[in-house]
Structures are given as C-alpha cells and as structure tokens.
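Worksheet: one structure, shown below.
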Amino acid sequence: MLKSEVNNDKVLNRMKIIHKIVFRLKIFIIFAYNKQQSIMNNFRTEVFLRAYRLTLTGKSFSQALKHSWAIYRLQKEMRGSVVEFRFRKVDGSIRQAFGTLISNVIDPLIKGTGRKSESLVTYFDCQKQEFRCFKEENLILA
C-alpha cells in the first residue's frame, strides 16, 4: 500500500467514527428534548419555573411563588370564562382588562404567526377583540 492510501483509509475511518458520534448526539438531543417536554406538562413545574424567573426581578421566593400561583389560577380561570384582572402597563399606568382563553372563541382567530415568550402572559382581550400580553411580573394581585 502506498502512503497516500493509508492516509485515506485513516481519514475514512475517522469520518465514520465522527458520523457515529454525531448520530448518537442527535438521538440523545431528541430524547432529552422529549423528556423535557413531558416534564413541562406538569403544572407544578411550570408554576415553580415561573416563580424562579420572578425571583430574578428582585422578589423573594415566597412572593414570587404567590405571584406565580396567581398567574396560574388566572390562566386556568380564563380557559373557562371571561375574567377581569388588572396589570401595570409598560408606561406605568394600571389597566383593567377583560380577557379569555376559551378555545372556541380564540381558535378561529389564531394565525400561528405569534411568538411564545415564557415571561409574557398572553390573553384575548374581549374589549379590543385582539390578542394582548403583559409581563408576568406586572400582574396586580387583588
């Protein structure tokens, strides 16, 4: 064998090994993503992750947890009816909103072009007849 043929064989063997490693990494990433999605389906996990994000805004964990549970209850109630709530707008004023997440009301209006952000609470505003959102830390607790 010539020296160039030996080098080509080594390169081919290395490429095969790299392809196997990449394939295994892809499978691992898909498995980890699916596992994470199943974990996120647990509502308590969602509430505690939101509470952790709220602690980053300067709240104590107990305050953040209370706030997070209030957001969870608000969203749960909005899935069944129109709910009145208040939040602080970006300009500092307080807005009273009537919102809902009833699927037969909002499904025909969903275009699929919106982005989902973990730190925003999205709802359908019954007064404006449009989708609106606010930062989760801006909900005013009653």
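Stretched out fully, how many nm does the piece from A70 to F98 gain, at 0.36 nm a residue minus the Cα gap?
The A70-F98 span can extend by a further 8.5 nm.
Please list, or write none, the lysines whose alpha carbon is within less than 19 Å of the alpha carbon of K20, excluding same-chain residues fewer than 8 places away.
K10
Label points 7 Å out from Cα along the Cβ direction at E118 and K16: separation in nm?
It is 4.2 nm.
Could you calculate the contour length gain from L109 to L49, that is, 0.36 nm times the residue separation minus the distance between their Cα atoms, to one decimal place in nm?
18.7 nm
Summing Lys, Arg as +1 and Asp, Glu as -1, what charge do residues with Cβ under 14 Å from the Cβ of L56 carry, L56 excluded?
Net charge around L56: +1.
What's the local net charge at F87, with K and R +1, D and E -1, over the other residues with C-beta under 11 Å away?
Result for the local shell: +4.
Karplus couplings for segment 103-115 from phi (6.51 cos²θ - 1.76 cosθ + 1.60, θ = phi - 60°), rounded to Hz, Gly and Pro as x?
Karplus-based 3J(HN,Hα) across segment 103-115 equals 5, 6, 7, 8, 4, x, 8, 6, 9, x, 9, x, 9 Hz.
Need the full-extension length gain, R86 to L25, defined as separation in residues times 0.36 nm minus the C-alpha distance. One decimal, nm.
Roughly 17.3 nm would be gained on extension.
To the nearest 0.05, how large is the calculated FRET efficiency for C133 and S62 if R₀ is 25 Å and r is the Cβ-Cβ distance?
0.45
By the scheme Lys and Arg +1, Asp and Glu -1, what is the net charge of all other residues having a beta-carbon under 13 Å from that of Q96?
Every neighbour counted, the sum reads +4.
Over the Cα atoms of segment 48-114, what radius of gyration and what Dmax do you get, in Å?
14.3, 40
Please state the charge dipole magnitude for segment 43-138, taken about the Cα centre, from unit charges on C-beta atoms (+1 on K and R, -1 on D and E), reported in debye and rounded to the nearest 20.
With Lys and Arg at +1 and Asp and Glu at -1, about 200 debye.
Name the aspartates and glutamates eligible as straight-distance cross-link partners of K135: C-alpha to C-alpha under 17 Å, and not fewer than 8 places from it in the same chain.
E46, E84, D91, E118, D125
Report, by chain and number, residues whose modeled amide H sits under 5 Å from the one on F131, excluding near sequence neighbours (fewer than 5 apart, same chain).
Excluding prolines and chain starts, which carry no amide H, the hits are D125.
Quick note: the coordinates plus some simple rules give every number you see, no bench work behind them. What you are looking at is a predicted structure, and each value in this text was computed from that prediction instead of being measured. Every residue, glycine among them, receives a Cβ derived from its backbone with ideal geometry; neighbour counts consider all protein chains shown.
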